[in-house]
Every structure is written in C-alpha cells, then in structure tokens.
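Peer 1: Submitted below is the structure of interest, expressed as structure tokens.
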Amino acid sequence: MVKSAIMINDSNFEKYSSAFTLSDMEIFVFPELMYSLLLANIMSPIVWSWRDADCFVKLVGKGPYKKLMRLKQFIMDQFEFNLDLQTWGLTDKNTELVRFSKYISPEDISKSNALFGYHGDEYYFDIDIRRHFGLDKYDGDAIPYWKTETVEAMEAFRLKPGYAMGAGECVSLAAVYAAAAFVVCQIPLEDIYMVLTPLHSQNFIDINGGVITNNRRLVTKSMWFNGTELSNKAQRAIRNEQVTIVANNTGFVHCFYDEATIDKNSYGGFIGKIKGFLEGSLDMMGMANFLRSHSEYQKYFQFCKDCHGSPRFVKAEVLFHYEHLSRFRVADATHEKLLAEVNEDDLSNHQCPKRIRCDQCKEFLGDKKPDIRTTEGRGVLVKLFSRYMPDAEKFVGKLYDFLYIAPKLPSVEKEYKPVEPIKISTNMSREQIFDYLSNIREKNITADLAFYAYRDMTCCDWKPFIKAAVERNPVSIDQAKSKSIEDCFQWLQSIPNGSIYDSGRLAQPDEVVNYKTGDGVEKAFTLANIIHNRTADEPIEIKITGKSVVLTAAGKFEFESSKPFEKTIKINREEYSSQ
C-alpha cells in the first residue's frame, strides 16, 4: 500500500485536511475534493453491497439505463435530504476568509458562495437566504459547517434520533448517486460529470439523451421540460446560477481558477451535450409543458375534441385540472384518453372567443416551423398570438426562456494542465479499483486525496486528520460545554464502542457525537478536541498500543480500540505530529 504518496507541505496541508471534513466551502476552494469523495464512495463496501439488493439482482443482464431508473427509487428509499444547522455546527465568515485567503480572494468568495454574500437566483434573494437557512437567529457572521457526508456518514444518520433512514445534503447525494451509477448501474466514469453551483450540486449522466440527478431524484430530458413544480425546482440552479465546478475522470474546471486539469476535448464534449439537453422543442408538447408551468396563460388556449364527427371544445385550464387527477397527460400520446375523461358539462359546442385552438396551433407550428431562437421566428409567433392575448411579445419571450436554457458554465478559455486521468472500468472488482487507485496516487492528487476522504488511516498521513479533528468539529465541543473533562470522558465511555467506518478507517469527533458510537481511537480524538478547545496550550498525547488507547493531558484517560494501529499522536496548539 502506498503511504503519503504526495508530499504534504504548507502549500497543500489545508487541502489534505479538508478531505476529512469536506465542507461546501472547502470543496469550492479545493475542487479536487469533489471527485475524491466520489472515488471514496466507489471504494466503499456499502455501495458495492447495493449490487446484491433484490431490486438490482432482478435487473442482472439489463442495460445501464434501466438500472439507473431503478436507482432513483432505491436512493429515495435509503436517504432523506438533510440540511440543518445542528448536524455539523457553525463557524464564522472571518475565520473561513482568513483560512482560505491565500487560495482565493474574499471578493471572489462573496461573489460565488451563498454564505458569504452571494444570493443566487431571485428566489433566494427574495426570501432572504439567511432566514431561509435559519441563520437569522445567529450573529450576522455565523455560517454553517455544511459538511459533505461520505456514504458511511449518510447511512449512519439512522443512528440519530428522529431519522428512520440515512440522510445527506445535496453534495453528498450527488456524490453517492455518481458512485452508485458507476458501481451498481455500470455506467462508465467517462459518461458521468459532476456539476456544482454555489447553492446546489448535481450530476449530468450522458446516457439516453442525458439524465440529471437532483438531490434524491433523477430528471430525464422529457421530465426536465414537463413544466411540473418538481422539474422547475430541479432547473433552478442550472437555469439561474453560475456553475462553479465541472469535474469528471480527467480533472476539473473551476469558474475562478485560470488553470484547469480537465481534458479540454472532454470539457468541450460536455458543453455540447448539456446544452443539447437544455434545449426544448417548439411543438405542441413543448407548448403544453410551458402552459403547465405558466398557468396564467392557459386562459388564452382551448382544446378541441372530436365527438362522432362534431367538434367539442374545452378550456385549457379545465383540461389541465383533469390532468392533475389522471394518469393521462395533455399533448402526449395519452392526450385523447385524457379528453375522453372530460365531463360532458365541461365541453362546449362552440369555440371560446379570444382563445387559440391547440390543434390549429399545432398545425401552425408544424407548417411554419418558426425558429423561436431568431428575431424573425419570434416575430412570427408574436403575430400569431397577438390575436388572442394582450402582451404576446412577453408571452413569446417567456416561452423562449422556458425552452432554451443557457447554462453559465466555466469558460473554456483556461490554461489546461492535464493530469493522469482516472481509468477504472465497470468490469473491475472493488479490490482491483482499490489497487489501481493506490498505484496512481503519486501521479494524481485526486486519487491520493480519495484515500483521505475514504478515511483510510493505514495509508495516509495523520497530521491532516489531526488538524481537522481539533479545528473543525464544533458539535462535540458544544455538546460538552457544560461537562467537566472527567464527565466528558465518562460520557464518551458510555457511548457504544463501534465505528461507522470499517477496518483502519476513522471517524471525526463530530461524527462520533452525532451518531453516538465510536471506536476508542475516535473517542480519544473527540476528547482531545474538547480539551484543545478549552486549553490550547495544554500538551496532548494519544498513544495507541494494540487495544489500548491512552490520552494524556493533565490526567490519563484510557479507551479500548479494535483498530489496527500502533501510533503516538502529539497535539500542542497548532503543532501536530504522529509517529
């Protein structure tokens, strides 16, 4: 096993330490971390165990797309969305700005990060983003430590009171979706792109015209444009926000960094694919989807039903109301079946005045084929609809915006510095993938960081772990604030002795107190975090010898461990060492 493959020094110490806490801010500043978490989840035995779930065993021999569609229900059954302030605690703006100042300017952070002044789309601006996230009850500089959970930490939410299943925030869900798409659905990494904005994280999967993951759900192209409330919410980030990071197996591109490690051709291919996904069709299906989303325009439309050779008419808003209660839909292949469900009282023998007939609109669009992307095409449409509505130009403008989304992607004008790409195939076993990533750690920092995100302390430098444990775990400190050190020791001893991570992998202190379980090594670090926060000048030593873990700091506190370590850890102010 390769250990400390890349030399850790002052320039990258913060990045490696961030691999253990993976906050949204850390991923924004150190974009390699996003893909490192994906690789950590790909190495996880939990994700590989999902292959044996009955719902996927039944799909053996089926194609990746069918498995991906089943994955949606599996993820929804396994995890709920969680974005509270209590899980990972709070920090403050100044602390984080100082921490990241040598990597990115405070001005750039405030322009692009929701917690430092960025408001995102009009929705978040209107509701007051601090109030929306519950931050209004804290000091104006307080910001949450929204940490991206590993799949182990997501599963461990089941141990928390009030949770019946696992949980995670949007970045966690994106990472676990991408890992499961590769491991369970056997979709090649080359077809999976991670897409992060200041307020959201999604994946674009290049399969069957494209699929976008959105928290616990999947959105196909037809779903993306169907005009429902769920689809409109799924669109919000890409429609309105600057995309911060795009990452795939070749590297990343970041909106603020001049250098990009992603393969330029791969990024160019992604741009073409996602732009194609984000373009709708100006046909009757597209028009119906628009009217479903913008119900205020339904009053200008009507549908025609053939009744034994005689036309009958129904107002658009009435037919859309029927749609809410039916499994049939306006304008798709089930349209006639939906019309058949309309009650006789809602049908008229006469056309409604000042309403365009949708069958005639469909014929017009098919014959004229106006290109709404051009001034000429929009003019043709304005002329048509001005016969039926007072502000046809505004209507056409909204229709255009609905059908054609222009994503704000990082510029292609970057200095491309390619790195060794991640070349793992869907035919490889978990063990083969583990060995492959181990062997390329010296050539690929993302692969190296993956072992830190994976928490494998048998093959990682301990100093970044120590730094993360005593600097960025506020929940354990808060939960211990009314306890003496002896009481803290007794409290930790009362917690079951079991890590959420297997073998030589370690949880951070806040994972121990959140899930109320931990190995003796993890408990010792939790107590060290509490002591260090109270008396930073107090020298702390943690000695791990077989099953015994002894923490010495103005007293001795012994825990029991089942982890395979022989280590001596020393903590003194901001100096950390391990032997």
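Rule-based calculations on the coordinates, nothing more; no lab input. Note that the structure is a prediction, hence the values are computed from the model and not measured. Neighbour counts run over all protein chains shown; Cβ positions are idealised from the backbone, glycine included.
Peer 1: Checking the a/c ratio against 1.5 first, then a/b against b/c, what shape does the Cα gyration tensor give for the range 163-203?
Peer 2: Verdict is oblate for the range 163-203.
Peer 1: Dividing the Cα convex hull volume of the range 368-481 by residue count, how many Å³ per residue is that?
Peer 2: Given the Cα convex hull of the range 368-481, per-residue volume reads 304 Å³.
Peer 1: Another question, if that's okay. To the nearest 10 degrees, how steeply does helix 375-385 sit against the main Cα axis of the chain, on a 0 to 90 scale?
Peer 2: Once rounded, one gets 60 degrees.
Peer 1: Between helix 264-277 and the chain, what is the angle of the helix's C-alpha long axis to the longest principal axis, kept within 0 to 90° and rounded to the nearest 10?
Peer 2: Taking Cα atoms only, the helix is inclined about 40 degrees.
Peer 1: I need the fraction of alpha carbon pairs in the range 430-485 separated by more than 14 Å, rounded to a whole percent.
Peer 2: 64 percent
Peer 1: Follow-up. Using square roots of five times the C-alpha gyration tensor eigenvalues, list the equivalent-ellipsoid semi-axes of the range 309-375 in whole Å, biggest first.
Peer 2: Over the Cα atoms of the range 309-375, the semi-axes work out to 24, 16, 11 Å.
Peer 1: Once you've got the Cα coordinates, tell me which of LYS72/LYS423; LYS233/LYS423; LYS273/LYS423 are over 24 Å apart.
Peer 2: LYS72/LYS423; LYS233/LYS423
Peer 1: What list do you get for ARG573, ARG430, ARG292 if you sort them by fewest beta carbons within 10 Å?
Peer 2: Arranged by neighbour count, lowest to highest, ARG573, ARG430, ARG292 become ARG573, ARG430, ARG292.
Peer 1: Return one number: the angle in degrees, 0 to 90 and rounded to the nearest 10, between the long axis of the Cα atoms of helix 520-534 and the longest principal axis of the Cα atoms of the chain.
Peer 2: 90 degrees
Peer 1: Do any of LYS275/LYS443; LYS299/LYS408; LYS15/LYS467 go past 22 Å between their Cα atoms, and which?
Peer 2: Beyond 22 Å between Cα atoms: LYS275/LYS443; LYS299/LYS408.
Peer 1: What is the packing order of peptides 349-356, 25-32, 552-559, taking the mean over residues of other C-beta atoms within 10 Å and listing the highest first?
Peer 2: 25-32, 552-559, 349-356
Peer 1: Dividing the alpha-carbon radius of gyration of the range 462-578 by 2.2 N^0.38 Å (N being the number of residues), what value is obtained?
Peer 2: Relative to the 2.2 N^0.38 Å estimate, the range 462-578 comes out at 0.92.
Peer 1: Under the rule of at least 5 residues apart or a separate chain, name every residue whose amide H is placed under 5 Å from the amide H of ASP92.
Peer 2: Residues meeting the criterion, in which the H sits 1.01 Å from N, are ILE143.
Peer 1: Could you list TYR322, TYR193 in order of exposure, starting from the residue whose Cβ has the fewest other Cβ atoms within 10 Å?
Peer 2: So the ranking, lowest neighbour count to highest, is TYR322, TYR193.
Peer 1: Separation of the range 430-488 and the range 521-575 by C-alpha centroid, Å?
Peer 2: 15 Å
Peer 1: Which values of log₁₀ I(q)/I(0), to two decimal places, follow from the Debye formula for the range 284-403 at q = 0.14, 0.22, 0.23 Å⁻¹ with a uniform point scatterer at every Cα?
Peer 2: After summing over all Cα pairs, the log10 values are -0.58, -1.35, -1.45.
Peer 1: For a quick check: sort LYS567, LYS383 by the number of other beta carbons within 10 angstrom, fewest at the front.
Peer 2: LYS383, LYS567
Peer 1: Let me ask you something else. Please report the equivalent ellipsoid semi-axes of the range 182-284, computed as sqrt(5 x eigenvalue) of the Cα gyration tensor, largest first, in whole Å.
Peer 2: 22, 16, 14
Peer 1: Using only alpha carbons, build the gyration tensor for the chain and give me the equivalent ellipsoid semi-axes, biggest first, whole Å.
Peer 2: Ellipsoid half-lengths, sorted descending, are 51, 24, 23 Å.
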